[in-house]
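Scroll down for the structure; my scribbles are underneath it.
What follows draws every value from the coordinates through simple rules; no lab data is involved. Given the structure is predicted, the values throughout are model-derived calculations rather than measurements. Positions of Cβ are generated from backbone atoms using ideal geometry, with glycine treated the same way; all protein chains shown enter the neighbour counts.
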Amino acid sequence: MSKKLRLVIAFILCIAILGSLFAGCQKKDQSGTGTDTPGTTQDDKGKQDQSAEKTTITFWFYPRYVVEGKENGVYEQELIDAYVKENPNVDIEFEMLAWNQGPEKINIAISSNAMPDSVFDYPGRIIGYGAQGVLADLNFMFTEEDRKDIPQSILDHCMLGDKIYMYPTHISPVIMGV
């Protein structure tokens, strides 16, 4: 399996795992606590139970990956569609953030305790969110094999202290012209 494909798969897994972690912390709807609804069959009840087991993951993303000839967000939606096809118990609510308004939207979500399950953002801001204590530690996602494949200097940029707050998806030089 190519390294690029492994990173894409890891990214999708990261989204799914984070969604699962946060799904357990969401406020549950208590309106449907009664037993059977009049007029439903056992078969209908089974279908209701299956739909109740669905996990919804909210995912915010900036327009990073533009495929030639396609609009922003198409590539990400294709990844989501492929994941949902393989995992029908998962719904993913995807929102593309605007570069000029995204950081403010995320900060408002943090202050109002309304964060999405997963955010793909600039590494410097992600570490800042980790410092605020609003992100999950992702150490559990990294096997010894992963740690051997990822240079420590790259992994260090994904960490604050001993906690990992993001999965490295790529490396690139950043240059500032003066």
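Take every Cα pair under 8 Å whose residues are at least 6 apart in sequence, average their separation, divide by the length of the stretch 123-170, and the relative contact order is 50 percent. Legend: calculated FRET efficiency, Glu95 to Ala131, from the Cβ-Cβ distance at R0 = 30 Å, rounded to 0.05, equals 0.80. Segment Ala114..His170, full-extension length gain: 17.4 nm, with 0.36 nm per residue of separation and the alpha-carbon distance subtracted.
For the stretch 123-170, the fraction of alpha-carbon pairs lying more than 14 Å apart is 44 percent, rounded to a whole number. At R0 = 30 Å, how high is the FRET efficiency between Val66 and Lys105 if r is their beta carbon distance? Nearest 0.05 is fine. The value I calculate is 0.90.
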